[in-house]
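Colleague: Got a structure for you, questions after.
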């Protein structure tokens, strides 16, 4: 993936791009910090493990490579997190085709993993509701509309098109 230098001379409707990107990046970082805090405190795991469980809950029978590509992390990172999730009983890894060395084990979410995803979503949603509480319905709809418009522009790979 090629990265481009952000130049404040490029403008969107007379607003420098950097003035748009900076708060978006700050918002993402802030929401990640809140998610990490809530998940660690309430669930005993972090965002990386939650992301794996989330994908498995909504898109079963996928590979570790798919998860790594989806979240733009290494397969080694996914494997390390999956080891922890497997030890905690949230996932199981079954071999796709026994006897074929080229196949990696397929992760499968357990009933405990599904319950953990539901609880984690509930806890994080409650936290985010507190943040967005003072933002009215019209503004929320505008935020959603603009974010969806941006998301359409940043779809990078086919694996992101059918995300959960």
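The values are calculated or read from the model by the stated rules, or taken from the named source; none is laboratory data. Note that the structure is a prediction, hence the values are computed from the model and not measured. Every residue, glycine as well, gets a Cβ built from its backbone with ideal geometry; the counts of neighbours run over all protein chains shown.
Colleague: On the basis of being out of contact with any helix residue (DSSP H, G or I) (no Cβ under 8 Å at 6 or more places or on another chain) and either modelled with pLDDT under 80 or on the phi > 0 side of the Ramachandran plot (or both), does residue 143 make the cut?
Modeller: So residue 143 does not fit the description; no.
Colleague: Continuing with this model, one more query. Across segment 127-142, what is the number of residues that are surrounded by 11 or more Cβ atoms within 10 Å (Cβ to Cβ), free of Cβ contacts under 8 Å to residues at least 60 places away in the same chain and part of a helix (DSSP H, G or I)?
Modeller: Matching residues across segment 127-142 total 4.
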